[in-house]
Amino acid sequence: MLETLSIKNFVIVDQLELNFKKGFSAFTGETGAGKSILIDALSICLGQRGDISLIRKGKEKADISAMFNIDNNNQAKLWLEENEYEIEDSLLLRRILSLDGKSKAFINGTPTSIAQLKQLTNNLVDIYSQNSHHSLLNLTTQRDILDSYAQAQELTIKVREAFLSWNNLQKEYEAFLKNKTAFTSELEELQQKFTEYKELDFSVAKWEELQDRHKVLNNSNELIVGVQECINYLDGSENNSLNNQLHILKSSLAALTKLDKNLLDKLNIIESSSIEFLELSRDLNNYLHSIEVNEAEKNDIESKIESTFNFLRKYKLNADELMEISRHWENRINDLNLLVNEKDKSEVLTKARENYNNVAKELSKKREIASKRLSDQITNKLKELSFKNAKFKVHLLSGNPTVNGNEQIEFLIATHLEADLRPIQKVASGGELSRISLAIRVSSMTEIDVPIMIFDEVDVGIGGGVAEIVGNLLKSLSDFNDRQIFVITHLPQVAAKSKYHFRVSKNTIAKETKSNIEFLENEERIHEIARMLGGLDITATTLEHAKEILAN
């Protein structure tokens, strides 16, 4: 959702900040007031080409920022993740045009290229106007619309997976035929390497334990002498041993408790300490016996450590990466065994091709059925929008197998009687394309559509009942899946259906022209609808008519 659009020094806008909400918003105003500035500014912010003529006269640069909420836009979040941008619920885009012809773009404050900006914003906004190239003109979007309408998304995933599996096997097989000797040699080397690795019986935990034990055995004599000294301190035969001194201290303190019972707590401390020191003596004696030098064990451990170090040096590896690399070896060995030892690789390829053919054929059937139904629905919707003799067709053109199936999808249209069906982008004018896009979107509404749609000139050449139909269709688009719809319109029947109404005006003060956009409520909105109905001379009848339109 577009939350805020900030425009500074752009064409005839000095400084403007607009806040938006979900739903259907209409922009109205007199001809030449600058209603298209919203689209032009937002298009620049989304990565469209801009030049110095767009910078306000007398200023050095134009600065446009747009804040989006992408909490529910998984495609935008995925793009940010793949391109290593921080992912937050809010997304700030900024574009600066300078008089020197340079342009700067930012995503969440981080400089970015125009190409990347365009990639990201394809998931944010579709603009339907004469000069805008929106996603609906892309064959990929047209295919996605049909597949979503046919409820074939899961099947398209199966087709993609089947094609990639078959294609990868084909490449592997062709590579095998060209490089059979190299594959065999690689397999033998990996098997030898993996056999040596398995003989090490290596794991990170075992390796650390082995080195710790080796350290103990290497320093056993020093440990024995040191621990024996500790035992002598604790429990030596001389009267000054620690345990003997504690015994004397305990006896002395016990005698004093007979004189003052308050010393019993202190006696308890001594008794507890005496017990712990006796335990320590026993533990140290047990430890002393456990570290007796075992030459056989020492030699065995040193042999294992030497073997491991030799292996690591031989293959230029580190111990901490050995287990992960060994898994790669094992997987590659399995892959090579399939290639080298498969008796009849053509059978594997045939099965993979058959699997692809089966799922692709099923997808083709779904597409064929859905394309006829969707074509009829869009054709009927176009007739409601004053294209009386229009014909729309979702065209399926058979082609070579791809990850997307066996056909290419393209939207074709004929806008008048006896006209040939042609791609929509090659037939329709700006205003017609807006209405055609509206018909397509309403007929095929799905969750895959971008969340923000802007329509300009959608009301060109229509009026009366058709205008009301356009307004209702735009409202239905905004109601579906909480979309945000913006429309620039001259028709009161369209503007009256909006949830939010903005008026664009232009004023000249001291020979300086400025455009302004303000949000209308209550009486202001009634007067604007009345102006659209009756021109500058607003009568009581016109006001009543405006109230009636807004009430419906």
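The values are calculated or read from the model by the stated rules, or taken from the named source; none is laboratory data. Values in this document were obtained by computation on a predicted structure and should not be read as measured data. Positions of Cβ are backbone-derived with ideal geometry, glycine not excepted, and every protein chain shown enters the neighbour counts.
The table for this structure:
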| read-out | value |
| --- | --- |
| Only listed residue being in a loop (DSSP other than H, G, I, E, B), within 42 Å of the chain's Cα centre (by Cα) and crowded, with 16+ Cβ neighbours inside 10 Å, chosen from F202, F163, F183 | F202 |
| Odd one out for R435, checked against (1) modelled with pLDDT of 95 or more; (2) crowded, with 20+ Cβ neighbours inside 10 Å; (3) charged (D, E, K, R) | (1) |
| Residue that is nearest to the chain's Cα centre (by Cα), among those in the range 531-552 that are surrounded by 14 or more Cβ atoms within 10 Å (Cβ to Cβ) and within 16 Å of S505 (Cα to Cα) | M532 |
| Candidates K298, K304, filtered to the one that is surrounded by 10 or more Cβ atoms within 10 Å (Cβ to Cβ), touching a residue at least 12 places away in the same chain (Cβ under 8 Å) and under 30 Å from I231 (Cα atoms) | K298 |
| Matching residues in the range 494-543 - criterion: being acidic (D, E) and farther than 26 Å from G461 by Cα | E512, E518, E521, E523, E524 |
| Residues being in a helix (DSSP H, G or I), modelled with pLDDT of 80 or more and not charged (D, E, K, R) - total across the range 450-489 | 12 |
| Answer residue from the range 508-530, given it is of a type in the set (K, R) and not in a loop (DSSP other than H, G, I, E, B) and is surrounded by the most Cβ atoms within 10 Å (Cβ to Cβ) among those | R525 |
| Some residue of the range 337-348 being in contact with an Asp or Glu (Cβ under 8 Å, 6 or more places away or on another chain), of a type in the set (A, V, I, L, M) and more than 23 Å from K158 (Cα to Cα) | yes |
| Which listed residue is surrounded by 13 or more Cβ atoms within 10 Å (Cβ to Cβ), among the hydroxyl-bearing types (S, T, Y) and either in the same structural domain as D320 (by TED's automatic domain parsing) or closer than 30 Å to R332 by Cβ (or both), from S252, S274 | S274 |
| Residue satisfying condition, being closer than 30 Å to K57 by Cα, surrounded by fewer than 18 Cβ atoms within 10 Å (Cβ to Cβ) and hydrophobic (A, V, I, L, M, F, W, C), within set L78, L99, L117, L93 | L99 |
| Which listed residue, of A370, A360, is closer than 16 Å to Q142 by Cβ and crowded, with 19+ Cβ neighbours inside 10 Å | A370 |
| K314 vs. criteria closer than 30 Å to Y197 by Cβ, of a type in the set (K, R) and modelled with pLDDT of 85 or more | yes |
| Contacts under 6 angstrom Cβ, first residue in the range 1-20 being in the same structural domain as D51 (by TED's automatic domain parsing), partner aromatic (F, W, Y), 6 or more apart | L2/F20; L2/F68 |
| Residue in the range 394-416 that is of a type in the set (V, I, T), at pLDDT 85 or above, buried (at least 21 other Cβ atoms within 10 Å of the Cβ) and part of a helix (DSSP H, G or I) present | no |
| Criterion: of a type in the set (D, E, K, R) and part of a loop (DSSP other than H, G, I, E, B) - qualifying residue of K304, K298, K316 | K316 |
| Lone qualifier among L491, L543 - being out of contact with any Lys or Arg (no Cβ under 9 Å at 6 or more places or on another chain) and in the same structural domain as I469 (by TED's automatic domain parsing) | L491 |
| Residue that is farthest from the chain's Cα centre (by Cα), among those in the range 205-214 that are free of Cβ contacts under 8 Å to residues at least 60 places away in the same chain and surrounded by 11 or more Cβ atoms within 10 Å (Cβ to Cβ) | E209 |
| Single match in Y287, Y233 (criterion: assigned to a helix (DSSP H, G or I), aromatic (F, W, Y) and closer than 27 Å to L210 by Cβ) | Y287 |
| Check on R143, touching a strand residue (DSSP E or B) at 6+ places or on another chain (Cβ under 6 Å) and surrounded by 15 or more Cβ atoms within 10 Å (Cβ to Cβ) | yes |
| Conditions (1) hydroxyl-bearing (S, T, Y); (2) surrounded by fewer than 21 Cβ atoms within 10 Å (Cβ to Cβ); (3) touching a residue at least 24 places away in the same chain (Cβ under 8 Å): number failed by T489 | (2) |
| Some residue of the range 236-246 being surrounded by 14 or more Cβ atoms within 10 Å (Cβ to Cβ), touching a residue at least 40 places away in the same chain (Cβ under 8 Å) and part of a helix (DSSP H, G or I) | no |
